[in-house]
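Inspection log for the structure reproduced underneath, given as structure tokens.
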Amino acid sequence: MTTETLARPNPTPDPERSLRGATPPPGRTSDRVFQVVTLAAGLLVLVVLALIVVATASQARAWFNAEGLSSIFSSNWDPAHHHFGAFGLLYGTLLVSFIALLFAVPTSVGIALFVTEVAPRRVRRPIVYTIDLLAAVPSVVFGLWALAELIAPLSHIYQSVSSATSGVPLLGTLFANPSGSGEAFMTAGIVVAIMITPIVTAITREVFVTCPASQKEAALALGATRWEMIRGAVFPHGRSGVVSAVMIGFGRAVGETIAVALIIGSSPRLTANIFGTGDTMASIIANEFGDASGTWRSALIGLGLVLLVLTVIIGIIARTVLARADRRLGIVAR
Amino acid sequence: MDTIPMSDTSHRTATVGSVLTRPPAEPDVAERTPLPDPAERDIVFELAGVEVRYSGVTAIEDVNLKVAAREITAFIGPSGCGKTTVLRTLNRLHDITAGAQVRGTITYHGEDLYGPRVDVAEVRRRIGMVFQKPNPFPKSIHDNVAYGPRINGRKRGEIGDLVEEALRKAALFDEVKDKLKQSALGLSGGQQQRLCIARALAVEPDVILMDEPCSALDPIATARIEDLMQELKANYTLVIVTHNMQQAARASDRTAFFTAEIDDAGRRVGRLIEFDDTEQLFTQPSDSRTEGYITGRFG
Amino acid sequence: MSVVTAPAGGALLRSRPGAKGRKARNHAATALIVVAVLVALIPLVAVIGFVISRGGSVFGWQFLTQDIPVLDRDIGGGMLPAIVGTLIITGGAAAMAVPLGVLGAIYLNEYGQRRRLARVIRFLSEVMTGVPSIVMGLFIYVVWVLHFKNETAFAGSLALACLMLPIVIRTSEEILRLVPHELREGSYALGSRKVRTIRTVVLPHAAPGIVSGVLLAVARAAGETAPLLFTIGFVTSTNTSLFHGPTTALSYQIFHNATSPFVGAQDRAYGAALTLILLVFLFTALARLVTTIYTRRTSASSGA
């Protein structure tokens, strides 16, 4: 391609007038037009984001007007009796995300360390590709798999853990009333953990990779074992990167819809029983939207707005932390 | 350990002894104290037929030299001659480089450095290293120095004292004593390098390897590091790689000159050309290649 | 403890008494790290194995070419309408999001660079990659479906395009940033204008990377269900039109049939899952292939 440009003869410049642009290269106007077109495409992101907020907010108004602030923040979601309190759903969303992070973050950090510090160089890329394959599996397929293969064995585990811990303070409550089917907060949390592991791994890995060899050698030269080197050099270097990876994973977990909708048991409630059924904002939209109308529908769109605001806030925090980390590491590198 | 004399007692004894046996007014005493014969010194490292390969390609071969205790041994030579490669065999840092292979024998106080029962972590604790670019951890000044003692299981109560002592030995304490909790990255380059020296000293090594420790520093910071090396010599064995021949001439007791040459098979391989007392090597080099290098640079 | 060491008995370099614990911790940590990899591989293997074993029994030529039975309880039938739907919807989304996304990336990297507006766009497109897909579905439902009172493949395409746009922008910009500056300068030095330089030098050089990024975005979009739930409607026979009438998609069919009590519907869900996974993995593998060829080519040319 470049050769084409190189081969094309330039208009021979007239020595006296060339700098005045009497025979300028063609396309001054098209240059301008193109710039405006690209700018418009870039601005589209802002327009779409703004439109999402405006559109969902306008539809959610009815919910707001009908319910009022206090009942929106109640935990009573009961479409049959026209109660649309969102708190139980917000709680469910956060609980599932929390469980997911609890499983996904240590796993992801472990994989990232394996790929950057432990594995022989040759197997690193295949492992990265394999983990990325996990990200390619559609959410609905995970849901289908969990429904067919995961919930039954999990329900047995829930039952036995529950009976083993009954009476124990705190744990007893946490594990009480396991769902018979295996559809539960915990099940959703586990599956969401699987789904967010690739992204958390990818970001963590990128940060760990940038840990300078000089830092690692400094630790090893002091007689550190590999693990001590990781703790002394890699972790401090990657700390804020891991924080932002966790935040981005959190954002993904909050928005995870379809798999959760299939396996959480669809019962919006505020409960400490993590082995019991529940619901999240995203999953209830997926499950109920088709049947909803009026205030109900408006409430579901309102939940979408809450979800949007929540993920945008999480995203802003994550990106800010990451940008700050980049800047800090940039200074170190220079 | 607590009160290390800042001068070399054995050396002093030797001098005193010679003063007693010799007539007091020797007319042509050299300005520099003559080096004792290596045999009088403890030998810290002995390299015999050392060869390093990267992914099967030989970078340097047939290195034979002895490093004596409480001296400064300098490795000099043009870029790519393998001097840093040799240095890194001494604390087994090549172990972490994929594809790197060390052959020949290296002993440390008579013990095989690459022997089967050797603990690499212990090797590196005993044989500290300071790198070309200051590489403090992105932690506080205190935590940088405390890192080594901590991983070596020193008790919480001891750490503060150890940190102070190491910083004092590295001639940095007075400059940083009021900001031990601040990030090490806020220090100047020269201070960072002295911090790295303090960090290495804090694990109580007996050898310190320095890989072009001043190449990233300005002349004033360089002078401070060189002064520090002279102080450290009293208690530690120092091996420095340097690009700067004046530095080797100024600061070291013995010098090894390496260069890389194309051999008959067309391979570019580093070799040790000459190893001698620094003064001897710089004034009367026995090999023409050494002479060419030092005069070429000085000229 | 003494710094000055005598060459005692040749055991200086053995582990010190305290080192046992440190080594044990090192080994334990290494073991945990390996376990983490295995833990992540288990669900991957399980899901793929599940989809192949369950879906494989219904998958076949018939399954790919027949209509969906009107009644869920019927056994047999195929997924042709859903396959066609998925391809049309995803294709429509890519047709919108890819050009716009690449243009946006060109703005960010070639014109905007460090300007405030460009930084805002860059930041918000990063944030937008984290907006849940169900929100995109709701958005298109509100501004399109509700407004025009119809569910079409195009509405689904719009929702997926919203999802893809920020991804395409971000990955394309990353690729454009890798184009060496000397190439641009070489073109400018010949008197080319910016637009010409971008078209003839920058884009050709970045094309493989952009194609790879786009394929990954397409793969992700093709597997999405949530944006389609309220936008595309439902049919059991093939609708090849982008703009007219409702349609269906593989992901939608899986979701719809997953909770069905009927064996026939469940089987179709498994078969659809296998089809979808194959489709998604095909795009992913293509993306990897492009990347591999590209890196091999560039590393070969730089090595020469």
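Among the residues of the range A:113-131, count how many are more than 9 Å from chain C (Cβ to nearest Cβ) and surrounded by 17 or more Cβ atoms within 10 Å (Cβ to Cβ). Result for the range A:113-131: 2. Taking the range A:216-334 and the helices (runs of 4 or more DSSP H) fully enclosed by it, the elements with 1 or more residues that are touching a Lys or Arg at 6+ places or on another chain (Cβ under 7 Å) and more than 10 Å from chain C (Cβ to nearest Cβ) are at A:235-255. Tell me, please, whether a residue that is in contact with a Lys or Arg (Cβ under 7 Å, 6 or more places away or on another chain), more than 19 Å from A:I258 (Cβ to Cβ) and crowded, with 17+ Cβ neighbours inside 10 Å can be found in the range C:261-276. Yes: the range C:261-276 contains one or more residues that are in contact with a Lys or Arg (Cβ under 7 Å, 6 or more places away or on another chain), more than 19 Å from A:I258 (Cβ to Cβ) and crowded, with 17+ Cβ neighbours inside 10 Å. With respect to being open to solvent by 50 Å² or more (accessible area, probe 1.4 Å), under 20 Å from C:G104 (Cβ atoms), within 30 Å of the chain's Cα centre (by Cα) and in contact (Cβ under 8 Å) with a residue 60 or more places away in the chain, A:V53 fits the description.
Only residues that are under 30 Å from A:I258 (Cβ atoms), touching a residue at least 60 places away in the same chain (Cβ under 8 Å) and within 7 Å of chain A (Cβ to nearest Cβ) were counted across the range C:177-223, and they come to 1.
Annotation: of all residues in the range C:251-260 being open to solvent by 20 Å² or more (accessible area, probe 1.4 Å) and of a type outside the set (F, W, Y), the one that is nearest to the other protein chains (Cβ to nearest Cβ) is C:T259.
C:I88 passes every criterion in (1) part of a loop (DSSP other than H, G, I, E, B); (2) open to solvent by 30 Å² or more (accessible area, probe 1.4 Å) apart from (1). Looking at the range C:181-188, can you tell me whether even one residue there is in contact with a helix residue (DSSP H, G or I) (Cβ under 8 Å, 6 or more places away or on another chain), at pLDDT 90 or above, open to solvent by less than 20 Å² (accessible area, probe 1.4 Å) and part of a helix (DSSP H, G or I)? Within the range C:181-188 (the criterion being in contact with a helix residue (DSSP H, G or I) (Cβ under 8 Å, 6 or more places away or on another chain), at pLDDT 90 or above, open to solvent by less than 20 Å² (accessible area, probe 1.4 Å) and part of a helix (DSSP H, G or I)), the answer is no, since none of the residues qualifies. In this structure, is C:F148 open to solvent by 20 Å² or more (accessible area, probe 1.4 Å), under 23 Å from the mean Cα position of the chain (by Cα) and without any contact (Cβ under 8 Å) to a residue 12 or more places away in the chain? Here the answer is no, as C:F148 does not meet what is asked. Only a single criterion out of (1) at pLDDT below 90; (2) of a type outside the set (V, I, T); (3) surrounded by 21 or more Cβ atoms within 10 Å (Cβ to Cβ) is not satisfied by B:G110, namely (3).
Just one of (1) in contact with a helix residue (DSSP H, G or I) (Cβ under 6 Å, 6 or more places away or on another chain); (2) buried (at least 22 other Cβ atoms within 10 Å of the Cβ); (3) touching a residue at least 60 places away in the same chain (Cβ under 8 Å); (4) under 26 Å from C:L228 (Cα atoms) fails for A:L134. It is (2). So is C:F281 facing another protein chain (nearest Cβ under 9 Å), surrounded by fewer than 20 Cβ atoms within 10 Å (Cβ to Cβ) and assigned to a helix (DSSP H, G or I) or not? Answer is yes for this residue. Note on the range A:262-277: residues that are of a type in the set (K, R) and open to solvent by less than 30 Å² (accessible area, probe 1.4 Å) amount to 0. Residues of the range B:153-168 that are crowded, with 22+ Cβ neighbours inside 10 Å and either within 12 Å of chain A (Cβ to nearest Cβ) or modelled with pLDDT under 90 (or both): B:A166 alone.
The values are calculated or read from the model by the stated rules, or taken from the named source; none is laboratory data. Bear in mind the structure is a predicted one, so any value in this text is a computation, not a measurement. Here Cβ is always computed from backbone atoms with ideal geometry, including for glycine, and neighbour counts include all displayed protein chains. SASA here: full protein model, heavy atoms, side chains in, ligands and nucleic acids out. Shrake-Rupley method; radii C 1.70, N 1.55, O 1.52, S 1.80 Å.
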